[in-house]
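*Asks:* Here's a structure for you.
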Amino acid sequence: MRSRRIAAGTGRRQLVWRLCVVSLLFLAGCSAGEEGDGRSEITISMVEDADTLDPTFGQTFGGRYVFMHMCEKLYDLTPELEIVPQLAAAQPEVSADGLTVTIGLREGVVFNDGEPFNAEAVKTSLDRHREIEGSARAGELTPVREVRVVDANTVELSLTQPYAPLTAILADRSGMIMSAAKLAELGENFTQEPICVGPYTLTERVVGDRIVLDKSERYYDADKIHIDRVVMRPIPDDTVRVTNLRSGDIDIIDRIPTTQYGGLESAEGITVETMPSLGFDTLMLNTAAGPFQDVRVREAFELALDREEINKTVYGGLHTTSCQPFPSASPYFLDNLTCPQRNATAAAKLLAQAGVSTPVPINLVLLNNTLSVRRGELIQAQAAQAGFEVNVRPTEVGTLINDAASGNFDAVVLTWSGRADPDGNLATFEHTDGGQNFGKASTPEIDASIEAARRVTNPAERATAYADAWELARQRHSEIVLMNPNLLAGWRDQIQGLQLVPDGLIRLKGVSLRDNASGSGR
């Protein structure tokens, strides 16, 4: 038996456990993961907090991590990278010319406020994603000209061009449907009381400390949800996260630090699992202001870096060095792509050609966690040998996003959890209107290449089209992909039925807690 903390950190939970120990023969329902009232609870760690709990504006992995449990999408992703219906009733029907997409909706579903889920609600959310000022979804929904209600359970999307990535896009935040009633009530303050269709609904949020979700009895698939309460705690400190997993204060840890993965593999009572992810870590360079306005300086910075040394020194070689946005888990991975090797001499020559004074000052923004800072310091040391003076500025996720969006950086390290469709990994960063194009890079030829790739539906031809688009983007040097992280997840053995998906998002449908006394799931 192990001690656990209740979400609010009160002593009630601890008292219940003491009573369980004293009265073990007489009390029922005291197995790990239960509150005193018999309700089951788990705690999940997050490397970063969510930014906003509004799918239209959210831009962080932390936000997606929370949305997975409370805001379902029209489509979802399987462990095999298959896109399957979630709130949609079936795969979309696409007209012969590719300009009309018809989506049938799941019937008999209600939002967690009791309002009906229907075509009007879908139209309201999709129009908001497309049109509201400041939307982080607008760029990926640009080809959608209009959303029409066909009947109560059918919507029709009119497109300006054939758009092959659309289904995959609707399997992420652009496909999250919010309660129209709650949107009308709260507007841009929806994040304060977000209501969607989902297995859980928000009970409490203390920014930087916890997000508490409780099981929704209105959820259409509630009989497959076996855990009553989920507490999500942002814990950026790697050592603290691992210590809490070992002690049982945390049940699931989403990203095990590579320095401690080996120790957890042999730890009693803990399951660890790894698999290639869809994501990548990239350095976004500010092309609109500062030293990286000159492409020669951008190329020099890339030549100053040694990706292999970063992976081995900081991450123990447990991740995959990469220089492309298509990870090895993706069918669009470019097998024959050769990454540029570090060449400090060539980098220094490019700086001389650019006519800049050395050392070139670089403001590098990154997340404030142990391995992120260590990587920043290694980048600092490598770049110094080529004529750069890097100032490493660690910050929490909200400030990082704000600084990136406002252009308050020269270089910013972004960890992208990845998408199943190549467009989500490329256009998001490289297209002028990309939602993560914080460096404001804009090249008509690259935009045209991406837009042409979006119109291609044949898989082999799509692979060629996106490879061509990436080759053009590489020559611009507006981002420097560093690596493709592997998923390194761990959980207490009481957690049963958990299955990883390459997008790195924990899904709790079908997951249960094992009863220590009987060994059965519940």
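*Asks:* Restrict the check to segment 478-493 and report whether at least one residue is over 24 Å from the mean Cα position of the chain (by Cα), open to solvent by 20 Å² or more (accessible area, probe 1.4 Å) and touching a residue at least 60 places away in the same chain (Cβ under 8 Å).
*Replies:* For segment 478-493, residues over 24 Å from the mean Cα position of the chain (by Cα), open to solvent by 20 Å² or more (accessible area, probe 1.4 Å) and touching a residue at least 60 places away in the same chain (Cβ under 8 Å): present.
*Asks:* Are there any pairs with C-beta distances below 7 angstrom linking a residue in segment 129-154 that is at positive phi to a residue that is assigned to a loop (DSSP other than H, G, I, E, B) and at pLDDT 95 or above, with the two at least 6 apart or on different chains, and if so which?
*Replies:* G134/F57
*Asks:* Kindly establish whether I252 is of a type in the set (V, I, T), under 19 Å from M46 (Cβ atoms) and buried (at least 17 other Cβ atoms within 10 Å of the Cβ).
*Replies:* Spelling it out, I252 is indeed of a type in the set (V, I, T), under 19 Å from M46 (Cβ atoms) and buried (at least 17 other Cβ atoms within 10 Å of the Cβ).
*Asks:* Here are the criteria: (1) charged (D, E, K, R); (2) more than 16 Å from M284 (Cα to Cα); (3) at pLDDT 95 or above. Tell me which single one R419 does not satisfy.
*Replies:* Answer for R419: the failing condition is (3).
*Asks:* Check Y220, Y261, Y200 and return the single one that is crowded, with 22+ Cβ neighbours inside 10 Å and more than 28 Å from E131 (Cβ to Cβ).
*Replies:* Testing whether each residue is crowded, with 22+ Cβ neighbours inside 10 Å and more than 28 Å from E131 (Cβ to Cβ) leaves just Y200.
*Asks:* Taking the options R462, R393, R375, name whichever one is out of contact with any His (no Cβ under 8 Å at 6 or more places or on another chain) and open to solvent by 20 Å² or more (accessible area, probe 1.4 Å).
*Replies:* Working: R462 fails: open to solvent by 20 Å² or more (accessible area, probe 1.4 Å); R375 fails: open to solvent by 20 Å² or more (accessible area, probe 1.4 Å).
From the options R462, R393, R375, the qualifying one is R393.
*Asks:* Can you tell me which residue within segment 161-182, out of those that are touching a helix residue (DSSP H, G or I) at 6+ places or on another chain (Cβ under 6 Å), open to solvent by 10 Å² or more (accessible area, probe 1.4 Å) and in a helix (DSSP H, G or I), is nearest to G62 (Cα to Cα)?
*Replies:* I169
*Asks:* Tally time: how many residues in segment 347-372 are open to solvent by 30 Å² or more (accessible area, probe 1.4 Å) and modelled with pLDDT under 95?
*Replies:* Result for segment 347-372: 3.
*Asks:* Then there is this: Can you work out which of the residues in segment 34-49 that are modelled with pLDDT of 65 or more and among the small types (G, A, S) is nearest to I252 (Cα to Cα)?
*Replies:* S45
*Asks:* When you check E268 against the structure, is it open to solvent by 20 Å² or more (accessible area, probe 1.4 Å) and touching a residue at least 12 places away in the same chain (Cβ under 8 Å), yes or no?
*Replies:* For E268, the condition - open to solvent by 20 Å² or more (accessible area, probe 1.4 Å) and touching a residue at least 12 places away in the same chain (Cβ under 8 Å) - is not met.
*Asks:* Now, a different point. Against the condition within 30 Å of P234 (Cβ to Cβ) and touching a helix residue (DSSP H, G or I) at 6+ places or on another chain (Cβ under 8 Å), how does L334 come out, does it pass?
*Replies:* Working: within 30 Å of P234 (Cβ to Cβ): no; touching a helix residue (DSSP H, G or I) at 6+ places or on another chain (Cβ under 8 Å): yes.
No.
*Asks:* Can you say whether A452 is touching a residue at least 12 places away in the same chain (Cβ under 8 Å) and more than 19 Å from P162 (Cβ to Cβ), as far as the supplied structure shows?
*Replies:* Numbers: touching a residue at least 12 places away in the same chain (Cβ under 8 Å): yes; more than 19 Å from P162 (Cβ to Cβ): no.
For A452, the condition - touching a residue at least 12 places away in the same chain (Cβ under 8 Å) and more than 19 Å from P162 (Cβ to Cβ) - is not met.
*Asks:* Still on this model: Give me the residue from segment 104-124 that is touching a residue at least 60 places away in the same chain (Cβ under 8 Å) and not in a loop (DSSP other than H, G, I, E, B) and, out of that set, least open to solvent (accessible area, probe 1.4 Å).
*Replies:* Of everything passing the filter in segment 104-124, V110 is least open to solvent (accessible area, probe 1.4 Å).
*Asks:* State all residues of segment 416-445 that are more than 22 Å from P291 (Cα to Cα) and of a type in the set (V, I, T); if no residue qualifies, say none.
*Replies:* Listed by number, the list holds a single entry, T428.
*Asks:* Pick from segment 379-390 the residues that are buried (at least 17 other Cβ atoms within 10 Å of the Cβ) and hydrophobic (A, V, I, L, M, F, W, C): which of them is farthest from E48 (Cα to Cα)?
*Replies:* A386
*Asks:* Filter segment 92-103 down to the residues that are part of a loop (DSSP other than H, G, I, E, B) and on the phi < 0 side of the Ramachandran plot, then identify the one that is surrounded by the fewest Cβ atoms within 10 Å (Cβ to Cβ).
*Replies:* Looking at the filtered set, the residue picked out is A96.
*Asks:* Hey, can you tell me all the residues within segment 380-389 that are part of a strand (DSSP E or B) and touching a Phe, Trp or Tyr at 6+ places or on another chain (Cβ under 9 Å)?
*Replies:* F388
*Asks:* Let me ask another. Mind listing just one residue for me: the one in segment 320-379 that is among the aliphatic types (A, V, I, L, M), part of a loop (DSSP other than H, G, I, E, B) and touching a residue at least 24 places away in the same chain (Cβ under 8 Å) and, of those, farthest from A304 (Cα to Cα)?
*Replies:* Across segment 320-379, the extreme among qualifying residues is A329.
*Asks:* Also: Only one of these is more than 29 Å from L278 (Cα to Cα), at pLDDT 95 or above and either acidic (D, E) or open to solvent by less than 10 Å² (accessible area, probe 1.4 Å) (or both): E188, E193. Name it.
*Replies:* It is E193.
*Asks:* Name the residue, out of G63, G108, that is more than 30 Å from N458 (Cα to Cα), over 15 Å from the mean Cα position of the chain (by Cα) and not hydroxyl-bearing (S, T, Y).
*Replies:* Sole residue among the options that is more than 30 Å from N458 (Cα to Cα), over 15 Å from the mean Cα position of the chain (by Cα) and not hydroxyl-bearing (S, T, Y): G108.
*Asks:* Related question: Name the one entry in V413, V456, V481 that is touching a Cys at 6+ places or on another chain (Cβ under 7 Å) and either farther than 30 Å from T243 by Cα or not charged (D, E, K, R) (or both).
*Replies:* Just a single option satisfies the conditions, and that option is V481.
*Asks:* Condition check: in contact with a Ser or Thr (Cβ under 8 Å, 6 or more places away or on another chain) and either surrounded by 22 or more Cβ atoms within 10 Å (Cβ to Cβ) or among the hydroxyl-bearing types (S, T, Y) (or both). Does L245 satisfy that? Walk me through how you get there before you give the answer.
*Replies:* On the way: in contact with a Ser or Thr (Cβ under 8 Å, 6 or more places away or on another chain): yes; either surrounded by 22 or more Cβ atoms within 10 Å (Cβ to Cβ) or among the hydroxyl-bearing types (S, T, Y) (or both): yes.
When the stated conditions are applied, L245 passes them.
*Asks:* Further question on the same structure: Would it be correct to say that T78 is under 26 Å from Y332 (Cβ atoms) and either surrounded by 21 or more Cβ atoms within 10 Å (Cβ to Cβ) or at pLDDT below 95 (or both)?
*Replies:* yes
The values are calculated or read from the model by the stated rules, or taken from the named source; none is laboratory data. Small disclaimer: the values here were computed from a predicted structure and weren't measured. Neighbour counts are summed over all protein chains in view; Cβ atoms, including those assigned to glycine, are modelled from backbone coordinates with ideal geometry. Ligands, DNA and RNA are stripped out before the accessible areas are found, and what is left, the full protein with its side chains, is counted by its heavy atoms. Shrake-Rupley method; radii C 1.70, N 1.55, O 1.52, S 1.80 Å.
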